[in-house]
Amino acid sequence: MLTHKVNSEAVCIKCFKSLDTAASTELGRGPKENDLSVCAYCGTISKYTENLSLSPMCKSELTELEKKDPEAYAQLKKVERMIKTFIDD
């Protein structure tokens, strides 16, 4: 997993923490519009907008993702659970 500094300062839509770093499996690739994000502080799932701010993923979008790409959905939910378990301890 590679990390990249995000040029614009994305802020979590739930906990309002600054998210200025993104992880990617592709060398030299930072986040792009419609890429998904999980807040490292609270586990909220969101997506990047055109200007690299974050937008909430509504339940219907998550349901559609689960149908279209069950593997990506499962990975997002796993990360979300891990973060929420960690912060609840």
- Query: For the pair Arg29 and Lys77, how long in nm is the line joining their label points, each one 7 Å along Cα→Cβ?
  - Reply: 2.5 nm
- Message: Can you give the FRET efficiency to the nearest 0.05 for Thr85 and Thr49, using r as the Cβ-Cβ distance and R₀ = 35 Å?
- Response: 0.80
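Each value in this text was obtained by applying a stated rule to the coordinates, not by laboratory testing. Everything numeric in this text was worked out from a predicted model, so none of it was measured. Reconstructed Cβ throughout: ideal geometry from the backbone, glycine too, with neighbour counts over all protein chains shown.
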